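Here is the structure we will look at, set down as structure tokens.
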Amino acid sequence: MRKNWLWVVAALAGVAVTVAIVVPRLQPPGPRPLFQLPVRCGETWRLNTYPGHDDFDVDLYPARGRTWGRPVLASYPGTVVEAGVDGSLGERTPENPKGEQGRGGGYWVKIDHGGRWQTLYLHLLEPPPVDDGDEVTQGQEIGKVGSTGDSSAPHLHYEQLRAGEKVESWFDGRASGITSDDREYGVDRKSNNACAK
């Protein structure tokens, strides 16, 4: 009799875990969060793409000043889902900018913002100062701009995902303008991330 009871408890636990995992994925995505540029308030950055880059992928470069080591900020509050190394790092550093390229995203961070929305930040300079499971606030520093992974020059590769699919990134309630990768083009945007009210 006790064996049957344990079996029932185990089966119910399995159903509960399945429901906890599957049901949220069946829910429609929530409204788009008010994402901000992942850089300091008041800075102007160039958002770029190029053929073969993938639709909706955004590469960010500062309009002025040095690129290496610039702070990367969370676009919106959330929970760090992954932080670490994607692929291999390579050998590109500020001291060795022509070093061997790595693979993948290099040092990176992925944040879940709820409502089935996530953001990705790739090619960071060094190990991120956040860990899986950390809660982050909008404007919190989550890394520095680098060129790790499959990167030919220092920049921040950024993506917004809705229900696991890449979509056009919006910042401060406006579409970024980076959509398809059928040609090389860019737009300038000024950051309102964590600006004093």
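Quick one: net charge of E43's neighbours, Cβ under 9 Å, K/R +1, D/E -1?
On the way: positive: R40, R64, R70, K190; negative: none.
Residues near E43 contribute +4 overall.
Based on Cβ point charges of +1 for Lys and Arg and -1 for Asp and Glu, what charge dipole magnitude is obtained for region 46-197 about its Cα centre, in debye rounded to the nearest 20? Don't skip to the answer; put the middle values down first.
Numbers: 17 positive and 25 negative charges, 141 e Å.
Rounded to the nearest 20 debye, it is 680 debye.
Starting from region 93-154, pick out the trypsin sites (Lys or Arg not before Pro) whose DSSP state is loop and whose Cβ has at most 11 other Cβ atoms within 10 Å. Numbers along the way, then the final one.
Working: sites: K98, R103, K110, R116, K144; in loops: K98, R116.
Passing both the DSSP loop test and the Cβ count: K98.
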* To do: Using per-residue counts of other Cβ atoms within 10 Å, averaged over each peptide, order 52-59, 146-153, 184-191 from highest down.
  => 146-153, 52-59, 184-191
* Given the convex hull over the Cα atoms of the chain, what projected area results after averaging over all orientations, in nm²? -> 14.0 nm²
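Let me check I've understood the local charge: for Q160, count other residues with C-beta under 11 angstrom from its C-beta, Lys and Arg +1, Asp and Glu -1. What total comes out? The partial results should precede the final answer.
Working: positive: R32, R162, K166; negative: D57, E159, E165, E168.
So the environment of Q160 carries a net charge of -1.
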* **GNM flexibility winner over the chain from Q118, Q160, Q27 (Cα, springs under 10 Å)** => Q27
* **Whole-number percent relative contact order across the chain, with pairs defined as alpha carbons under 8 Å at least 6 apart** => 30 percent
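Within 14 Å, Cβ to Cβ, of R70, how many net charges do the neighbouring residues add up to if Lys/Arg are +1 and Asp/Glu are -1?
On the way: positive: R40, R46, R64, R66, K144; negative: E43, D59, E126, E141.
Spelling it out: positives minus negatives among the neighbours equals +1.
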* **Rounded to whole Hz, the Karplus (6.51, -1.76, 1.60) HN-Hα couplings of region 178-195, x for glycine and proline** => 9, 10, 8, 10, 7, 7, 8, 7, x, 9, 9, 9, 9, 7, 10, 6, 6, 6
* Structure fact -> Residues whose built amide H sits under 5 Å from the amide H of R70, excluding neighbours closer than 5 in sequence, are V145
* **Calculated [θ] (222 nm, deg cm²/dmol) that DSSP helices of n ≥ 4 give over the chain, each run adding -39,500 (n - 2.57)** => -4500 deg cm²/dmol
* To do: Kindly state, to the nearest 0.05, the FRET efficiency for E141 paired with T179, given R0 = 35 Å and r defined as their beta-carbon distance.
  => 0.75
* Asked: Taking springs between alpha-carbon atoms closer than 10 angstrom, which of G104, G143, G65 fluctuates most in the Gaussian network model of the chain?
  -> G65
* Asked: Taking K190 as the anchor, which aspartates and glutamates have their alpha carbon closer than 18 Å to its alpha carbon, excluding any fewer than eight residues away along the same chain?
  -> E43, D59, E141, E159, E168, D172
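Here, each number is a calculation from the coordinates, and none is a lab measurement. Just so it is clear, the model here is predicted, and its values are computed rather than measured. In this analysis, Cβ positions are derived from the backbone assuming ideal geometry, glycine residues included, and neighbour counts consider all displayed protein chains.
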